[in-house]
Amino acid sequence: MLFQEYQLFDKSTESNMKLFVIAAVLAVAAAAPSSYVTPGYVTPGYAPSSYGSSGYKDNKYGGITITSQSDERNLDGSSKWSYAGSDYTTREESQVQKKLQGTSYDSYGKATYEDVMGNTNRGSSYWVSPEGQKITLTWTADENGFQPKGDHLPVAPVHEYELPVAPVHEYELPVAPALPYSRTGPGYTSTTYSGSRY
C-alpha cells in the first residue's frame, strides 16, 4: 500500500527510540543559550535590583514605595482608584457615568440637543512640597467644567469700588412759541382757518 510506504515511524521500537533521542538532542541544542559574543560588544554589567519586598521603588526617588493601591471598575461604567506612597503622598479618584445635556450629530452633520452619557469625576490629592508645605487638592469635573479647590491655589483679586454715576442735569427744555395755524396749498385760500368750511 501507498500509505505504508510513506510512514514516518518504523514499526520497530529501536528505530522509534533513535528518532526520539535525536529529536530531544536537537530540541535541547536549540533551547540552550548561545555563548557567542559579537566581537567588540561588551555585555553591560547591571547593578543588582533595588526592588524591596515592601513594594515598587522608583529609581529617581529610591526611598519612596507604594504602600497601598486599589482599583475598582464596575459594569455600569463607574470606577474608583487610589494609591498611597511611603512619603505620605495620596491620590484618589472616582468616576460615575451620568446623563448630560449634550450635542449629538446625525450622519448628515445635523446637530441635535439631547441627553448623552458623560463622565463626572471627583478626586483628591495630598502631598508635601519641597518647601515642606502640606498641600491638599480636591477637584470635580462635570458638565460645569474642571473645578479645583485648594488653599495653595491663587485667588483672583477682589476689586471693591463704586461704579461711577452719570451726572443728572436738571433743566427745562426750551419750548417753541405757538403760532396760529394756517393751511396752504391748492384749494385753500390764504386766510386763516377758523373752523368748519360748510
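Under the condition of being among the hydroxyl-bearing types (Ser, Thr, Tyr) and over 10 Å from Glu92 (Cα atoms), the residues counted in region 120-140 number 4. Tally up the residues in region 87-122 that are over 17 Å from Glu143 (Cβ atoms), in contact (Cβ under 8 Å) with a residue 24 or more places away in the chain and not charged (D, E, K, R), please. So the answer is 3. Residues that are assigned to a loop (DSSP other than H, G, I, E, B) and among the polar types (S, T, N, Q) were ranked within region 78-131; the one that is surrounded by the fewest Cβ atoms within 10 Å (Cβ to Cβ) is Ser107. Using the structure shown, decide if Glu143 is charged (D, E, K, R), under 54 Å from the mean Cα position of the chain (by Cα) and either under 30 Å from Lys80 (Cβ atoms) or surrounded by 10 or more Cβ atoms within 10 Å (Cβ to Cβ) (or both). The answer is yes for Glu143.
None of the figures in this text is laboratory data; all of them are computed from the coordinates on show. Only a predicted model underlies this, so the values are computations on that prediction, with no experimental measurement involved. Positions of Cβ are backbone-derived with ideal geometry, glycine not excepted, and every protein chain shown enters the neighbour counts.
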